[in-house]
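Colleague: Mind having a look at this structure? Questions to follow.
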């Protein structure tokens, strides 16, 4: 690895791009080589959002893919496949924040996204970039598919129960997301007056796209095993997911807590709350943490088989750009948490 | 009934009291006789909140109970019982917004609220003030127990499935409430900086107090039939509840929609959305409406047995003071919707 | 006047249109005859916003102008002139919520709005619809130019000082507006994530368009007499304006308060706070009130010549649709406050 | 200086204390030795706020003042004086975030705060901790009085005009602050429901306490030279101040911009926007930056003497804890920006 890591970002002026710029600008070992934006091509970064980093914004076609060590792609799903291929061929480590390489099979991609995958050969090389489950694979990958924000929270909340074969499906995940999760594109749903003082359920059911990742990573392949119910809530950042889980044994909240602690022992970015506590957005927003709490449906002291598990992340950090930097650190052999504290110019 | 209805409010300076004042001040047939407040006794209404209605605030001990036609009590649970008794004895119609007369048995009250009921004789005379279920009883009642805000939404959302014997328990109700639901008392949880940009689950489980009303009204008496998971969300007003329901037959969303329409035919304050639509806060906040939407977990066209039902109300209107005025109108023989449109001085 | 007033709204699906529908739907003497919308033509009202009033939406070209008693136009400035003319010719009372007929001269209109006025003959017939200044003229008008939201607040806050010849110009008006003031059209500035947790000054200076109305109505015609500094703030509704005023005499706050009370004696929608109090949004939002407070820069007891005057209104009510209904009531000989309390279905 | 700086915080569980903990926990050269809290004494940090740093909280009386290199005090004004003295005597660098050592004379302190200063001897040793004005003094100080949040913004916005003798007083500063500026103590004004969807002017006038610091630092000593009008706005963090300035010469906006650039040349935490741009909260919140914009009242191209200057900071960073760490870095000879990027665990 070179002393300084040269990084390029394709799609730098959406919310995940913006967050990547903030993190990489302050990362002690990274130098931003170029930033692309079709909307703002020819302008400079402070024209796109209120940060004082004076980088030029170039069209993606002008990006020097072979002059950088790592390329981040923060594009919508469907728009990323071919750019990923070009960056991969140019030799860079590629971290794709879209959904295009998260599902292992092109059939699943076609079924869930309604699109033909144009880079099926690359699918086999993509590591699913959730370090808590796939750290070793990420370390040796050249293409990392950064997980979705909703699935990151859901998978980390349920994985210990899957790992220990305790979970009794189905699970219903009641998810609440801040508005930055809907992206920077203008839409009536994200107009301030429509979103503020409001709560809006949307695209609920078994067929929400994020279910695909959750099922894949947790091995919940049966029909109707994961029911996902997202809501838009009037905050800028953060995801909270609430799930009632039924388990195959009778545990106290303390015993379940022990199970989670063991599962995530030494994980730098998973914070398990004491038994009986519940995760809130404030536990995670502004950080790269995933916070998990569990409490008994009846109480916390008697052994029981029904628990309420709550999990929160910052959708732009652990749910997107923070996790992308974490993955970069792992793949490049840097300390895993390096640069994940920097947000002030 | 007299031409003009004289009304008194005990506990006029909390949020439900404030909303009652707004509604009654503009009600075409009501005259406010007195308002009590212990905190602001001796001051005037504009000292307590920013409304320009210049009423004096007196201590409850000075209230002329026999000089009014109707007494509203907006006190915390436990604090209302004895005042209700005095108002009842004085001959007024009594509408109690606390929880003290909502449960039919003093045993249930003791179990859920941890308090001995001091007016058990009156419990038999109290009508549960949900007009959509108990209109006839309310019409002839002299004591009306105004329902809780969470139960109002939950009961109206599930009642058509109970009424038609379709529901397969258990049900998990994921509820989200605006901060006014927590009352005007100061607490760390309602400090702006702690609640804003945050989402906070609290007191989740089978034993949340509001479960008692839901079970009583829906006849769900078995253990673990209703699991209630409330969250505090950063909006001033409004409750949204999301419930996955399993039914005993296979219906399309359209068929379920028909069932709800029939059940609430001619109800002035229930708004059933088209199949596939979901309730949002914006459908109900600022109104006395209860808005209900249903969509299939899989899709809306194939017959299925799993649906997502969403329901919203304004916790201070249909969830408290609006419903109290609706109950008063019914009990006094006034048009049911009278005065429920007035909020501007 | 007919027993029932038939009303039509041109441009019913923006925020001011939506508020007009709410008010007129519940107005005891009004029946909505038709609603127009180009965006939603052919659909029904609940498709455009979450209210359960089931009116059809038609294109403006299909509106039966001669079949109604009153036409409200809620269109952008520039787009209203010709429609106003057609409605006027059809014989209806016309209430225009755009800026097109607010300035008395076509020269001023051209200078401030950069547009040629196409209906100059009608300009002479237009009453400036601020009842507190022009009630008599409004009562006999057939065309009413409903004032802008910022000017309504500014003019009512300063008029008593102008009327008594006390004000020493220049004045600097620091104005803060909720996001609905920017309209329902999508723009980056009104994306939830950009507006939330933010404060944004915009188009500050002597040349802000709203200065034209303020100068016209207050007779402040000299150069640089009114400096207007608007800010977008993260609330849905409401305007607060803060102005430091220098007066020609030395008054106590109590004396200034008396002056304001006398000036607005018997005004149903002006609320003068006690000396030393300041207006907040909460005093006015949700109502048709204009709330005004004044406090001495030094203290409230010593005579002085410098005061801080604060004023608040709901930009969609007293700042737009509420005032439009108030004007309709005056022009049709109805009680001035009729229907201005109705917001609940 | 030792290799690792040992730091203690007195008053660690208010908002400024919380922010200090976040910054110091991640500072590459600092180790937190102890944290005090009277409210939470005996508990641990995660009991006081949702951060996963597991420090114990001790009463101030148990703090080992002589075992640390630097003591931060985040106490209310009046409560800090004697603790500062003890820490100073123990030999540590003392950084006081209260108002107790900001004014140079005990007479001024008594006049503005209504309290007798008990440590007048120490007043002479206190540096006013605004690095842009007093960097050299701070570098050699053992006691640093960290400036108030409002004054930090106001002084940095006006200093270039004072420094160049251009400003014509008086100035009116219209200031807007997020709710964390009001502290973590419970009060009706900071209840979510009262502050949300509201704007509240408070304690306006010449006598607002923060005027004292502004006058002292800018040398505006005449009567009525600074009129300060603060408003509480519904955001968690951030201050925006809007000031109309009259200057003694005629400048274009570009010339004024040049003046500001020269004045703050090489300042790491001052961001001067291009002429015609205005500062927003989003420019500064989450960073240690002070962002300043200026635009002509008439336009930006013609020479004129009236400008609107806008300035924003994060009240908890540049307005308090960020600036405190910046001061510590200067006083200890560390790189000035060190550790001011760390906010993620």
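All of the numbers you see were taken from the coordinates with simple rules; none came from a lab. This one's a predicted model, so the numbers in the text were calculated from it and none came from an experiment. Note: ideal-geometry Cβ built from the backbone for every residue, glycine included; neighbour counts use all protein chains shown.
Colleague: For residue B:337 and residue B:164, what does the FRET efficiency come to when R0 = 35 Å and r is the distance between their Cβ atoms, rounded to the nearest 0.05?
Modeller: My answer for the efficiency is 0.85.
Colleague: Given springs between every Cα pair under 10 Å in a Gaussian network model of chain C, which of C:247, C:214, C:239 has the largest fluctuation?
Modeller: Fluctuation is largest for C:247.
Colleague: Relative to the longest principal Cα axis of chain C, at what angle does helix C:149-163 sit, 0 to 90 degrees, rounded to 10?
Modeller: That helix lies at roughly 40 degrees to the long axis.
Colleague: In nm, give the distance between the simple-model label positions of residue D:79 and residue D:250, each being 7 Å from the Cα along the Cα-to-Cβ direction.
Modeller: In this crude spin-label approximation the distance works out to 5.5 nm.
Colleague: Nearest 10 degrees, 0 to 90: what angle lies between the long axis of helix D:15-26 and the longest principal axis of chain D (Cα atoms)?
Modeller: With rounding to tens, the tilt is 70 degrees.
Colleague: Compute the Rg to Rh ratio over the protein assembly as shown from the alpha carbon atoms, using the Kirkwood formula for Rh, and round to two decimal places.
Modeller: Looking at the protein assembly as shown, the ratio lands at 0.95.
Colleague: According to a simple spin-label model (label point 7 Å from Cα along Cα-to-Cβ), what is the distance in nm between residue D:54 and residue A:43?
Modeller: Each label point is offset 7 Å from its Cα along the Cβ direction, giving 4.8 nm.
Colleague: Among D:315, D:85, D:146, which one shows the highest mean-square fluctuation when chain D is modelled as a Gaussian network with alpha-carbon springs under 10 Å?
Modeller: Of the options given, D:85 has the highest mean-square fluctuation.
Colleague: Is the stretch C:118-215 best put as rounded, prolate or oblate by its Cα gyration tensor, with a ≥ b ≥ c the root eigenvalues, rounded for a/c under 1.5, and otherwise prolate when a/b is larger than b/c, oblate when not?
Modeller: oblate
Colleague: Given a cut-off of under 8 Å on Cα pairs at least six residues apart, what relative contact order in percent is computed for the stretch C:1-109?
Modeller: 25 percent
Colleague: Taking one equal scatterer on every alpha-carbon of chain C, how large is log10 of I(q)/I(0) by Debye at q = 0.10, 0.11, 0.14 1/Å?
Modeller: Debye intensities relative to I(0), on a log10 scale: -0.58, -0.71, -1.14.
Colleague: Hey, how much of the P(r) for the stretch D:150-313 falls beyond 30 Å, as a percent of Cα pairs?
Modeller: In whole percent, the share of Cα-Cα pairs in the stretch D:150-313 beyond 30 Å is 16.
Colleague: List the relative contact order of chain C as a percent without decimals, with contacts defined as Cα pairs under 8 Å and 6+ residues apart.
Modeller: Relative contact order, chain C: 18 percent.
Colleague: Suppose we keep just the DSSP beta bridges with both residues in chain D; what percent of those would be antiparallel, to 5?
Modeller: 45 percent
Colleague: Next up: When DSSP beta bridges are limited to those with both residues in the stretch C:150-313, what percentage is antiparallel, rounded to the nearest 5?
Modeller: Once the DSSP bridges in the stretch C:150-313 are tallied, antiparallel ones form about 70 percent.
Colleague: Relative to the first principal axis of the alpha-carbon coordinates of chain B, what is the inclination of helix B:253-263, with its axis defined by its Cα atoms, in degrees from 0 to 90 and to the nearest 10?
Modeller: 30 degrees
Colleague: Normalising by the residue count of the stretch C:150-313, find the relative contact order in percent from Cα pairs under 8 Å and 6+ residues apart.
Modeller: Relative contact order of the stretch C:150-313: 28 percent.
Colleague: Of the candidates B:333, B:78, B:286, which one comes out as most mobile in a Gaussian network treatment of chain B with C-alpha springs shorter than 10 Å?
Modeller: B:333
Colleague: Could you list the square roots of 5 times each eigenvalue of the Cα gyration tensor of the stretch A:1-119, that is, the equivalent ellipsoid semi-axes, sorted largest first and rounded to whole Å?
Modeller: After scaling each eigenvalue by five and taking roots: 25, 17, 12 Å.
Colleague: For A:19, A:31, what ranking results if the residue with the fewest other Cβ atoms within 10 Å of its Cβ goes first?
Modeller: Least to most surrounded, the residues fall as A:31, A:19.
Colleague: The stretch C:177-242 to the stretch B:286-304: how many Å between their Cα centroids?
Modeller: 40 Å
Colleague: Run through the DSSP bridge list for the protein assembly as shown and note the antiparallel percent, rounded to the nearest 5.
Modeller: Expressed as a percentage, antiparallel bridges in the protein assembly as shown total about 45.
Colleague: Still on this model: Counting helices only, and only those DSSP H runs with n ≥ 4, report the 222 nm mean residue ellipticity of chain C as the sum of -39,500 (n - 2.57) divided by its residues, in deg cm²/dmol to the nearest 500.
Modeller: The helix contribution divided over chain C gives -7500 deg cm²/dmol.
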